[in-house]
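**Student:** Dropping a structure here in structure tokens format, bear with me for questions.
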Amino acid sequence: MPEDRPSTPRTNTDLASAKLFNSEAFAELFEADKDRLYTYIYAFVNNSAAADDIFQETCLALWKDFHKFEQGTNFTKWANGIGFNRVLSFRRQHKKYTLGLSDDFLVDFEKTLADSEANIVVQEAKLGYLEHCRALLSDPMKKIFNSFYIESKTAQEVADDTGRSVFAIRKAVHKMRQKIFDCVDEKEQEGDS
């Protein structure tokens, strides 16, 4: 079986550029996630000093183990796992931070947080799809959308503003909703594939 290794040994320059790439990738991912990660850790200990200590340990572990992170996967999930393990370790060493909660409870709580974060990501994607689909509407439809959904006007008020009948406005709203629903559904299916 042939080896997958390069035929020439890696030079110091190759190693330095690989390390630079990793540090840049780490910095970008970490910078985008650090505030959320701190909040995540704080939720388990409810103490700033403890959260600071755990966050520092987590940051060091993330940097040290970044070579194990698979590029293109979910950095937040990976960071949460490392942070959660640091929380459990800290709680074992410092019993006063257990808050009367068992490790089993924390594991369940962590799963709930992970599920909530996953739902937030899904909802943000749907909002992005909605905004994209709304932007595809014709200008008159955008005006009706804004009047009806943003300004919370009634069909009668929109009809009065546009000089159209209430029936015409209701028909336009129904048509617009269907168009947006179909567009969002299509974008979701594209995202799933």
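Bear in mind that the values in this text are calculations on the coordinates, not laboratory data. Note that this is a predicted model, so its numbers are computed, not measured. So basically every Cβ, Gly included, is an ideal-geometry build from the backbone, and we count neighbours across all protein chains shown.
**Student:** Can you tell me which residue within the range 134-149, out of those that are within 29 Å of the chain's Cα centre (by Cα) and in a loop (DSSP other than H, G, I, E, B), is surrounded by the most Cβ atoms within 10 Å (Cβ to Cβ)? Break it down into steps so the answer makes sense when it comes.
**Tutor:** Residues of the range 134-149 that are within 29 Å of the chain's Cα centre (by Cα), as a first pass: 134-137, 142, 145-146, 149.
Next, from what is left, pick out any that are in a loop (DSSP other than H, G, I, E, B): 136-137.
Numbers: LEU136: 11, LEU137: 16.
The qualifying residue surrounded by the most Cβ atoms within 10 Å (Cβ to Cβ) is LEU137.
**Student:** How about the range 166-182: which of its residues are surrounded by 12 or more Cβ atoms within 10 Å (Cβ to Cβ) and either farther than 11 Å from MET141 by Cα or touching a residue at least 40 places away in the same chain (Cβ under 8 Å) (or both)? Write out each step before concluding.
**Tutor:** Residues of the range 166-182 surrounded by 12 or more Cβ atoms within 10 Å (Cβ to Cβ): 166, 168-173, 175-177, 179-181.
Those that are surrounded by 12 or more Cβ atoms within 10 Å (Cβ to Cβ) and either farther than 11 Å from MET141 by Cα or touching a residue at least 40 places away in the same chain (Cβ under 8 Å) (or both): VAL166, ALA168, ARG170, LYS171, LYS179, ILE180, PHE181.
**Student:** Taking the range 150-193 only, how many residues are more than 26 Å from the chain's Cα centre (by Cα) and assigned to a helix (DSSP H, G or I)?
**Tutor:** Quick first cut of the range 150-193, residues more than 26 Å from the chain's Cα centre (by Cα) only: 151-179.
With the extra rule that they be assigned to a helix (DSSP H, G or I), the set shrinks to 155-162, 166-179.
The total comes to 22.
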